[in-house]
1. Within segment 96-107, identify whether any single residue is open to solvent by less than 40 Å² (accessible area, probe 1.4 Å) and closer than 14 Å to Leu42 by Cα, and answer yes or no.
2. Taking the condition in contact with a strand residue (DSSP E or B) (Cβ under 9 Å, 6 or more places away or on another chain) and farther than 16 Å from Gly33 by Cα, does Gly82 pass?
3. Considering segment 181-232 alone, what residues qualify as being β-branched (Val, Ile, Thr) and touching a Pro at 6+ places or on another chain (Cβ under 6 Å)?
4. Checking Trp211 against (1) under 15 Å from Tyr17 (Cβ atoms); (2) aromatic (Phe, Trp, Tyr); (3) over 16 Å from the mean Cα position of the chain (by Cα), only one condition comes out false. Which one?
5. Output the number of the condition that Ala227 fails; it satisfies all remaining conditions of (1) at pLDDT below 95; (2) open to solvent by 40 Å² or more (accessible area, probe 1.4 Å).
Amino acid sequence: RSDATALGHIHVILGHYGLALAATPAAPRASLGTFAFATQLLDELWPIFVLLGLEQVRVTPGILAANPLEFVHYPITHSLIGAIGWSLLLGLIYYIVRQDGRGAAVVGLLVLSHWLLDLPMHGPDLPLWPGSDVRVGLGAWRSIPLTIAIELAVFIPGLMVYLRTTRARDRIGQWGFWAMVVVLLGIFFSGFVSPPPPDARSVAFGALGLWLFVPWGYWVDRHRELATPVGADRTT
């Protein structure tokens, strides 16, 4: 059992990327790489805080049928107030850099969407604010079939929106994109059959693999174009 198995247990991965794919019509000047970064920002930061000892996760096989991770303490990245703060920060940074109010709003909302999509999946472990005794979560991870149904119900429509909104310029735009889709699906479904990670450190190192999809999204998007051009390159 290696660190690589941990990534498969971040099961809400498909839903987040489904929203990233679906965001293109709302902010056509921005890149899929930007959307991937925004939707997964909380999970991209989370393993860093775990490794720094600021947040805590525990591997507890059987705690939930679809996920063996017990999220003990993660108020910086996964409290509601924390998510709002990160969404405002990234939206502001995007606006300062790109001077694109619409894009900044979409980027900020995508960050917040992560917490909202986590809410139906997690057990009651999402704090409302740092130090809050109130923790929420509807617990869809208690059922593997329900987990799969919810994730695919978000991912597949998002994929269809992206395919209708963009088209490949070349083979990289076509096959590079579909390779990313296959890898995402492979990671997702492998989590149901792979053994639990051995410890929290392995979980954190495995979760750092989520950063791979940010440059991958930029790379793919540079080889795709809008099906209906809007007069701006999609590189941001």
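The values are calculated or read from the model by the stated rules, or taken from the named source; none is laboratory data. Predicted model, so just to flag it, every value in this text is computed and none were measured. Cβ sites come from the backbone with ideal geometry, for glycine too, and all protein chains shown count toward neighbours. Surface areas here come from the heavy atoms of the whole protein model, side chains and all, with no ligands, DNA or RNA. Shrake-Rupley method; radii C 1.70, N 1.55, O 1.52, S 1.80 Å.
1. Looking through segment 96-107, at least one residue is open to solvent by less than 40 Å² (accessible area, probe 1.4 Å) and closer than 14 Å to Leu42 by Cα.
2. Judged against the criteria, Gly82 is a match.
3. Val203, Val230
4. Exception for Trp211: condition (3).
5. Only one criterion in (1) at pLDDT below 95; (2) open to solvent by 40 Å² or more (accessible area, probe 1.4 Å) is unmet by Ala227, namely (2).
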